[in-house]
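The values are calculated or read from the model by the stated rules, or taken from the named source; none is laboratory data. On a predicted model such as this, the values are computed, not experimentally measured, just so you know. A quick note on method: Cβ atoms are made from the backbone with ideal geometry, for glycine too, and the neighbour counts reach across all protein chains shown. Heavy atoms of the whole protein, side chains included, go into the accessibility calculation; ligands, DNA and RNA do not. Shrake-Rupley method; radii C 1.70, N 1.55, O 1.52, S 1.80 Å.
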Amino acid sequence: MRIPRFHPLSDMPMFEGQRKLRGHAFYPSDTVLRTLAPRTPRRPAEEAPCIVYHSPMGHMVITEIDPKDLSGYGWTCLSAYPDGAEWGDVGYMGHLEKFRGSIAQVWERDLHSADAHAAAAISRILTRYAPPPTITVRGMGGRFVSEFSAQPDAVIGPFDMDEMVQSLTASRLLAPVDARALVMNADARGSATVRV
């Protein structure tokens with residue numbers, strides 16, 4: 001029989017039944033667990049230490065783990081609905097450790113996260129859900145204007161077709177073949193957009 005590991009601030013056992021599948025410990029080191037003990041009032045996200053968990057379902061940034069009952073508090077973001085991300089209680093951390101959806105669908109601790117605080121972790125995670133940058137080219141009677149969505153003020157034009165292709169290629173936004181296809185589609189339809 002294996003002796004369970006205990007939370008460093010209490011005698012609450014921290015069982016791990018899926019360590020082999022996960023490939024690492026679900027709970028962080030004792031040093032990190034001590035920093036996640038609840039405080040009153042709660043620290044703001046810009047000051048709160050955190051651990052990050054991820055799965056195909058989304059991300060969690062945990063800023064507190066109560067040693068009395070191993071209940072967690074933090075920020076959750078579902079992959080299918082990132083706009084609905086919110087702060088709140090996540091309940092008993094052991095339920096998350098035990099959760100297993102389809103093959104290899106488990107909550108894993110992000111071992112490579114080097115975020116200084118919860119706000120930095122949230123900012124990093126939200127960039128994953130940001131829409132990819134796009135280039136839109138609008139045709140205006142043989143003249144073309146391009147707009148790059150990552151920098152909306154970066155409008156290129158008006159140019160003729162060859163100048164527009166050269167401009168998109170020179171800016172390294174698109175390869176020559178892709179730039180020409182985008183400009184030709186804009187000429188045919190009046191407007192065309194492509195993801196970068």
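Could you give the DSSP H helices of the chain that reach 15 angstrom or more along their long axis (alpha carbon positions) and whose average Kyte-Doolittle hydropathy is no lower than -1.0? Could you put the intermediate results ahead of the total?
Numbers: long enough: 118-129 (17 Å, 0.68); 176-189 (20 Å, 0.01).
Within the chain the helices that satisfy the rule are 118-129, 176-189.
Would you mind giving the three semi-axes, in whole Å and largest first, of the ellipsoid equivalent to the range 93-196 according to its Cα gyration tensor? Provide the component values of the computation, followed by the final result.
Details: eigenvalues 368, 49, 25 Å².
Whole-Å semi-axes of the equivalent ellipsoid: 43, 16, 11.
Pop a pseudo-label 7 angstrom from the Cα along the beta-carbon direction at both Lys20 and Asp187 and give the gap in nm to one decimal.
6.4
Over the range 1-150, what percent of the accessible surface lies on carbon and sulfur atoms, probe 1.4 Å? Could the numbers behind the result be given before it?
Details: 4680 of 8450 Å².
That fraction is 55 percent.
Please list the non-local residues whose amide H lies under 5 Å from the amide H of Phe6, H modeled 1.01 Å from N, same-chain partners needing a gap of 5 or more.
Met14
Kindly report the accessible area of the chain per residue (heavy atoms of protein chains, probe 1.4 Å, no ligands, DNA or RNA), in Å². Let's see the in-between values first.
Values: 11420 Å² over 196 residues.
Value for the chain: 58 Å² per residue.
Residue by residue through the range 136-153, which ³J(HN,Hα) values in whole Hz follow from phi under the Karplus form 6.51 cos²θ - 1.76 cosθ + 1.60 (θ = phi - 60°), with glycine and proline marked x?
With coefficients 6.51, -1.76 and 1.60, one gets 10, 10, 10, x, 9, x, x, 10, 10, 10, 10, 9, 9, 5, 5, 9, x, 7 Hz.
Listed highest first by mean packing, meaning other Cβ atoms within 10 Å per residue, what order do 51-61, 10-20 come in? Numbers along the way, then the final one.
Working: 51-61: 20.8, 10-20: 13.2.
Those peptides, ordered most packed to least, come out 51-61, 10-20.
For the range 135-188 and the range 1-66, what is the separation of their C-alpha centers, rounded to whole Å?
49
Just by accessible area at a 1.4 angstrom probe, what is the order of Tyr81, Tyr73 from largest to smallest?
Values: Tyr81 140, Tyr73 40 Å².
So the residues, ranked largest to smallest area, are Tyr81, Tyr73.
If packing is taken as the mean number of other Cβ atoms within 10 Å per residue, what is the order of 27-38, 82-93, highest first?
Details: 27-38: 15.1, 82-93: 13.6.
So the order, starting with the most tightly packed, is 27-38, 82-93.
When only C-alpha pairs under 8 Å and at least 6 residues apart count, what is the relative contact order of the range 1-137, in percent?
Across the range 1-137, relative contact order equals 24 percent.
Would you work out the relative contact order for the range 84-196, in percent, from Cα pairs under 8 angstrom that are 6 or more residues apart? Before the final figure, lay out the partial values.
Values: 122 pairs, mean separation 24.2, N = 113.
Relative contact order comes out at 21 percent.
Pop out the ³J(HN,Hα) list for the range 93-102 in order, Karplus 6.51 cos²θ - 1.76 cosθ + 1.60 with θ = phi - 60°, rounded to Hz; leave Gly and Pro as x.
So the Karplus estimates, Gly and Pro as x, are 4, x, 5, 5, 4, 7, 4, 8, x, 6 Hz.
When the helix-only estimate is applied to the chain (DSSP H runs of n ≥ 4, each -39,500 (n - 2.57), divided by the residue count), what is the mean residue ellipticity at 222 nm, nearest 500 deg cm²/dmol?
After summing the helix terms and dividing by the residues of the chain, the value is -7500 deg cm²/dmol.
Sequence gap at least 6, Cα distance under 8 Å: using those rules, report the relative contact order of the range 135-194 to the nearest whole percent. Display every interim value, and only then the final one.
On the way: 95 pairs, mean separation 22.4, N = 60.
Value for the range 135-194: 37 percent.
Report the calculated FRET efficiency for Thr31 and Tyr92 (r = Cβ-Cβ distance, R0 = 25 Å), to the nearest 0.05. Intermediate values should be presented prior to the final figure.
Working: r = 22 Å, r/R0 = 0.89.
Working from the Cβ atoms, E equals 0.65.
Based on the Cα atoms of the range 1-80, what semi-axes does the equivalent ellipsoid have, where each is the square root of 5 times one gyration tensor eigenvalue, given in whole Å with the largest first? Display every interim value, and only then the final one.
Working: eigenvalues 92, 73, 18 Å².
Each semi-axis is the square root of five times an eigenvalue, giving 21, 19, 9 Å.
Averaged over every viewing direction, what's the projected area of the C-alpha convex hull for the chain? Give it in nm², one decimal, please. All intermediate terms of the calculation are to be shown ahead of the outcome.
On the way: hull surface 60.5 nm².
Its Cα hull, projected and averaged over all orientations, spans 15.1 nm².
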